[in-house]
Every structure is written in structure tokens, then in C-alpha cells.
Amino acid sequence: MIENQLLYFRGRVALKELLIASGIEKDEKVAIQAYTCSAVPEGVFAANALPIYIDVIKRGVTMCPDDLADKLEATKDVKAIVIQHTFGIVADLKKILKIAKNYNLIVIEDCCHTFNSKFNQNKVGSFTDASFYSFEWGKPISLGLGGAVRVNNKRILERLELQYKKLSDPPFITELQLFAQRIAFFVLYNPRTYWTVKSMFHFFSKYRLIKGNHTSINLTEQSKDFDYKISKTLRNKLAKKLSKLNEIELKTQSTYSQYKTLITELSEKFIIETSNNSDPIFVRYPIWVSNKNELIHLASLNKIEISDWYLTPVHPYTGDGLKAMGYEETSCPNAELSSKHIVSLPLTHRINEKYLKELKLILVS
């Protein structure tokens with residue numbers, strides 16, 4: 001799983017440190033997928049590198065090997081690739097790794113959505129030079145903030161350990177902030193209160209009263225977050241959470257099975273595409289819908305948790321924000337389509353028949 005104690009303030013901080021330790025130099029390029037959170041390109045930019053965006057498979061959420069091959073052929077100075085296992089769904093590692101080998105790329109797995117998903121019976125994070133993890137809200141282990149790495153490349157690990165010594169602990173006021181956020185989240189959040197908690201989170205994040213999910217879009221001024229290790233409070237919480245990971249996964253996959261039964265009964269049109277030879281452990285259950293905006297509105301009115309992320313190819317940015325993240329509109333049409341049609345269902349709480357009936361009414365409306 002996580003085989004050393006290199007723990008970071010955020011998952012994106014872990015990615016930045018991995019890229020630097022991999023020898024990525026200024027303005028060299030890193031291939032990442034579209035249909036992603038802004039945290040990934042933020043980590044790339046923080047390493048002084050540049051992202052190039054690879055499309056996802058049609059009606060899916062993982063990197064398209066064909067688009068990767070085409071863009072690597074057309075682009076110079078690509079030195080690394082980040083393979084994202086979105087929602088816990090494993091990317092087509094066999095094809096992607098073959099392409100990466102042809103171009104002699106450093107390969108990093110984004111395991112922020114899963115610890116134990118498998119491909120060809122082997123767990124994610126074991127296939128590449130390194131992998132990174134996140135413990136922010138909505139992740140398999142939710143602490144509010146935090147990140148970690150697993151490193152299989154000895155040379156990268158040696159550099160990473162030297163870099164780690166230069167990072168500092170977050171300020172005391174940040175520790176207090178994180179403590180208050182954790183208490184508030186675990187007291188207030190359940191699938192019925194999701195929309196209220198989400199509104200509160202966005203409001204307090206906007207005015208920087210709490211730590212939000214997205215750092216500054218001003219790429220000329222790097223966030224202080226990239227200077228920090230994980231907070232001491234969260235380091236202690238992490239060990240306890242990791243010891244209960246199998247128990248957490250059993251609960252989430254039980255809920256997933258209930259959803260899957262419902263969705264299969266309704267229509268195969270809801271099911272998204274996945275790669276073969278994989279055994280996903282889902283962090284959320286994604287489905288394809290024709291009326292995303294209407295569905296989200298109905299869900300909020302009926303207090304049913306349905307997440308709209310990712311709303312754009314680089315969530316949550318649009319227009320000039322996408323440009324700032326290095327994304328060219330229409331460059332990844334499948335990702336743009338997926339962002340308009342995919343929603344996801346929560347797995348962290350047990351659900352009853354009443355909840356499933358209400359969810360069904362919304363989905364078929």
C-alpha cells in the first residue's frame with residue numbers, strides 16, 4: 001500500500017514532488033488525461049512542467065490509449081505520463097504502459113480514487129515508477145487534506161527523500177482549521193445533508209475560512225500548500241484509517257452492489273465504459289445520464305446526493321480558466337462529452353430501500 005512515510009499536505013503536492021524527483025525540468029511536458037480535477041495540472045505546473053491533455057475513452061472516464069499514441073507522436077518534450085484511475089476504475093494499463101515504454105516515459109499512477117483496484121490480479125500502484133494518493137474529502141480515506149506516495153523506482157525514491165527534508169510542517173492556525181473542518185464534516189455530512197454541506201463548504205472556501213479543494217488559478221504565484229508536509233494531526237489519524245481500509249471498502253462495495261442492481265434493472269444506457277481485465281474498487285459509482293443539469297436540480301430539491309463532478313474536462317474550470325490550465329477546448333471531445341453526461345453516487349453510507357426508490361424516481365424522470 002503506502003510503503004514509506006513520505007506524507008504530504010495534499011495529493012497534488014505529492015505529484016509535484018514526484019515529478020521533480022523524476023528529473024522533469026522546466027517547460028518539459030507531462031501527459032495527463034482530461035476529465036480530471038484541477039489538482040493534477042496544478043501539481044504539474046508546480047513542478048514547472050506543462051500538461052498536455054489526453055482524451056478519455058468514449059463514454060468513459062479513463063485515458064484513451066489511441067489518443068495518447070497520437071498526441072505523443074505529435075508533441076515534443078513529453079517526459080512523463082500520469083495514469084488516472086478515475087472513481088477507482090482502472091485505466092487500460094496494458095496498452096498505456098506499452099506506449100509509454102516506446103517513448104521512454106516516466107510513468108506515475110494517480111491512485112487518489114483507489115487503493116486496491118486491480119488489473120490482471122495486481123493492485124494499482126504496483127505497475128509504474130511511482131503512484132500518489134489523496135486523503136481529501138470524497139476519497140477512499142477522507143481526512144480533509146493530505147497526500148502520500150508509493151515509489152517503485154529506487155532512484156526516484158532517493159531524490160524524493162532528500163526533497164522531503166526541505167518541506168515544513170503547516171502553521172498552527174492551519175492545524176486548527178483542519179481540526180475544525182473534520183469535526184464539522186463528520187457531524188454534519190450524510191447523503192441527506194449533502195447539498196447543504198456542499199453549499200456551506202463552497203461559501204467558506206470562497207472566503208478562505210476553510211481549506212478548499214482548489215488552489216489559486218494564478219499560476220505565477222504558487223500556493224504555500226506546496227511547501228508543506230501532512231499536518232501532524234492528520235498523520236496520526238491516517239494510521240488508524242489505513243488499518244480500517246478493508247472494512248471501509250467492504251461497506252462501499254456493498255452499497256455499490258445495491259446501486260448496480262438498480263441501474264441494471266433500469267437501463268444499460270446508464271452504464272459507462274471500462275477497460276477489460278480489471279477489478280475496480282469504487283470510491284463513487286459513476287453513471288451516464290442524458291439530462292445531467294435537470295437531474296442534479298431534482299436531486300438537490302429531493303435531498304438525494306448525486307455529485308456533478310466532473311463538470312468540465314478540468315474541473316471546475318471553464319473558459320479562460322481552462323486556458324490557464326493549458327487545456328484547449330475541443331481537444332478532448334470524449335472528455336467534454338463525459339463531463340456533460342456523467343454523475344456519480346455516494347458509497348460511504350449504507351442506503352435503504354426508501355432511498356433507492358427515491359433515487360429511481362429521479363433517474364427515470
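Which value, in debye to the nearest 20, gives the size of the charge dipole of the chain about its Cα centre, when Lys and Arg are +1 and Asp and Glu are -1 at the Cβ?
Numbers: 49 positive and 39 negative charges, 243 e Å.
That gives a dipole near 1160 debye.
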Rank K118, K26, K354 by mean-square fluctuation in a GNM of the chain with C-alpha springs under 10 angstrom and give only the top-ranked residue. K354
Put +1 on the Cβ of every Lys and Arg and -1 on every Asp and Glu Cβ in the chain; which of S134, Q177, H202 then has its Cα farthest towards the positive end of the dipole? Q177
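Out of all DSSP beta bridges in the chain, what portion is antiparallel? Express it as a percent rounded to 5.
On the way: 19 of 41 bridges.
About 45 percent, rounded to the nearest 5.
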Pop the C-beta distance of F186 and K206 into the FRET formula with R0 = 22 Å and round what comes out to the nearest 0.05. 0.50
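Among R159, R10, which comes first, second and so on when ranked by fewest other beta-carbon atoms within 10 Å?
Working: R159 18, R10 27.
With the sparsest Cβ surroundings first, the list reads R159, R10.
Where does each of T252, T196 land when they are ranked from fewest to most other beta-carbon atoms within 10 angstrom? Each step should come with its number before you reach the end.
Numbers: T252 21, T196 13.
Neighbour counts put them in this order, fewest first: T196, T252.
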What Rg and what Dmax come out for segment 303-365 when only alpha-carbon atoms are used, in angstroms? 15.5, 45
Extent of segment 54-147 along each principal axis, from alpha carbon coordinates, in Å, largest to smallest? 40, 27, 23
On the Cα set of the chain, report Rg and Dmax in Å, please. 19.4, 56
Could you tell me which helices of the chain pass both thresholds, a Cα extent of 20 Å or more along their own axis and a mean Kyte-Doolittle hydropathy of at least 1.0, with helices taken as whole DSSP H runs? 172-188
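Which net charge results for the neighbourhood of L266, defined as the other residues with beta-carbon distances under 13 angstrom from its beta-carbon, given Lys and Arg at +1 and Asp and Glu at -1?
Values: positive: K260, K269, K357, K360; negative: E265, E268.
The answer is +2.
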Using a 10 angstrom cutoff on alpha carbons, build the Gaussian network for the chain and name the most mobile of N277, N190, N102. N102
Please check which bits of segment 30-70 a label hung off Q222 would reach, taking the label as a point 7 Å along Cα-to-C-beta and the cut-off as backbone N under 13 Å. 42-50
Taking the alpha-carbon centroid of each part, what is the distance from segment 248-281 to segment 75-131 in angstrom? 22
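Considering only the other residues whose Cβ falls under 12 Å of the Cβ of L188, what net charge follows from Lys and Arg at +1 and Asp and Glu at -1?
Values: positive: R182, R192, K198; negative: none.
Charge balance in the 12 Å sphere: +3.
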Charge tally in the Cβ shell below 15 Å around L356, where Lys, Arg are +1 and Asp, Glu are -1, L356 excluded: +3
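We did not get these values from a lab; they are worked out from the coordinates using the rules stated. Model, not experiment: these values are computed from the prediction. All Cβ positions, glycine included, derive from the backbone under ideal geometry; neighbour counts span all protein chains shown.
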